[in-house]
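So the structure is just underneath, and the comments pick up after that.
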Amino acid sequence: MQFPFPVVERSHATARHIRISVNATGEVLLTIPRRATKAQAREFLASRVEWVQVQLAKLRAQAPRAASRAPLWDGTDVLPWQGIELPLRWTRASVARPQVRIAATGIEVFAASNTRAELLTRTLKLALMREARLEAEDLLNREAHCLGLKWRTLRIGDTRAQWGSCARDGTVSLSWRLLLAPPEVFRYVVIHELCHLPHPDHSPRFWGLVAQQMPDYARHRQWLKQHGTGLHRWLPARTQVATPVQPDLFG
Ligand SMILES: [Zn+2]
């Protein structure tokens, strides 16, 4: 019997029923108890093909649009910049060291024609991290001033577990990837972390302060929940940095 998806069959000594499950990676598992035959199990699966297809479609909808990958530097690359996808190009130039130019029309890396892709990508990422730092400093200064709060140190990192964190000593850590999100999302995370200075929790008083500074914050929080994971497919981190200061998972 042919199914429109690959199936992993598992004989199970203690299972009481034939069972179909679709795991997080999209694998369809068919559990066959001792008292059932393979043919019976497959017949059962055949009667549930539609159900499996619905589960697989749900998984696909949740997954980022494509698997994460580094730029190919073949002229087809794009990169989101403040919420807008821009073309990412490599312009061959006789420069001693690669340089990056970010404009509304696209992101361009100027580098010699024999530059390795890895160096192009590394140069781009460092430039984006520098940009993220400038943007974050600007936001922190503006918002802290409005809130009457003081921050001390800024760390720009690339952790997958959180977009930002804030320690009691005024150290604010932020992901450089916020630069890829719409500007209001970046601003929301900055406000969120600053509000942790007086409220190191997610209490109603904390959220009250966030709302005071940004009445429509829920929209931007929702954006992160929905699209945040997708931001990690761009320029994927090779190694994940250990979680600094206090975890902030935006439960
Ligand atoms: Zn928080």
Name the residues in region 189-202 that are outside any helix (DSSP H, G or I) and among the aliphatic types (A, V, I, L, M), would you?
L197
Considering residues of region 104-132 that are assigned to a helix (DSSP H, G or I) and over 22 Å from the mean Cα position of the chain (by Cα) only, the residue farthest from T76 (Cα to Cα):
L119
Would you confirm whether any residue within region 140-157 is surrounded by 19 or more Cβ atoms within 10 Å (Cβ to Cβ), over 24 Å from P198 (Cβ atoms) and either in contact with a helix residue (DSSP H, G or I) (Cβ under 6 Å, 6 or more places away or on another chain) or of a type in the set (A, V, I, L, M) (or both)?
no
Checking E135 against (1) surrounded by 18 or more Cβ atoms within 10 Å (Cβ to Cβ); (2) assigned to a loop (DSSP other than H, G, I, E, B), the condition it does not meet:
(2)
Only one of (1) under 22 Å from Q82 (Cβ atoms); (2) surrounded by 23 or more Cβ atoms within 10 Å (Cβ to Cβ); (3) not small (G, A, S) fails for C195. Which number is that?
(1)
Among R168, R177, R160, which is under 16 Å from L134 (Cβ atoms) and more than 13 Å from the ligand (Cβ to nearest atom)?
R177
Of the residues in region 19-34 that are at pLDDT 90 or above and of a type in the set (D, E, K, R), the one that is nearest to the chain's Cα centre (by Cα) is R19
Return the residues of region 203-221 that are out of contact with any His (no Cβ under 9 Å at 6 or more places or on another chain) and either touching a residue at least 60 places away in the same chain (Cβ under 8 Å) or not in a helix (DSSP H, G or I) (or both); say none if nothing qualifies.
S203, Q213, P215, D216
From the list V245, V190, V210, exactly one residue is within 13 Å of the ligand (Cβ to nearest atom), over 15 Å from the mean Cα position of the chain (by Cα), surrounded by 16 or more Cβ atoms within 10 Å (Cβ to Cβ) and modelled with pLDDT under 95. Which is it?
V245
Do any residues in region 147-170 that are basic (K, R) have Cβ atoms under 7 Å from those of residues that are within 13 Å of the ligand (Cβ to nearest atom), where the two are at least six apart or on different chains, and which pairs are they?
R155/S173; R168/P200
Answer yes if at least one residue in region 138-151 is away from the ligand (no atom under 16 Å from the Cβ) and either at pLDDT below 95 or hydroxyl-bearing (S, T, Y) (or both), and no otherwise.
no
Among the residues of region 12-37, which ones are more than 27 Å from A57 (Cβ to Cβ) and surrounded by fewer than 13 Cβ atoms within 10 Å (Cβ to Cβ)?
A13, T14, R16, R34, R35, T37
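The values are calculated or read from the model by the stated rules, or taken from the named source; none is laboratory data. In this text the structure is predicted, and so the values were computed from the model without any measurement. Cβ sites come from the backbone with ideal geometry, for glycine too, and all protein chains shown count toward neighbours.
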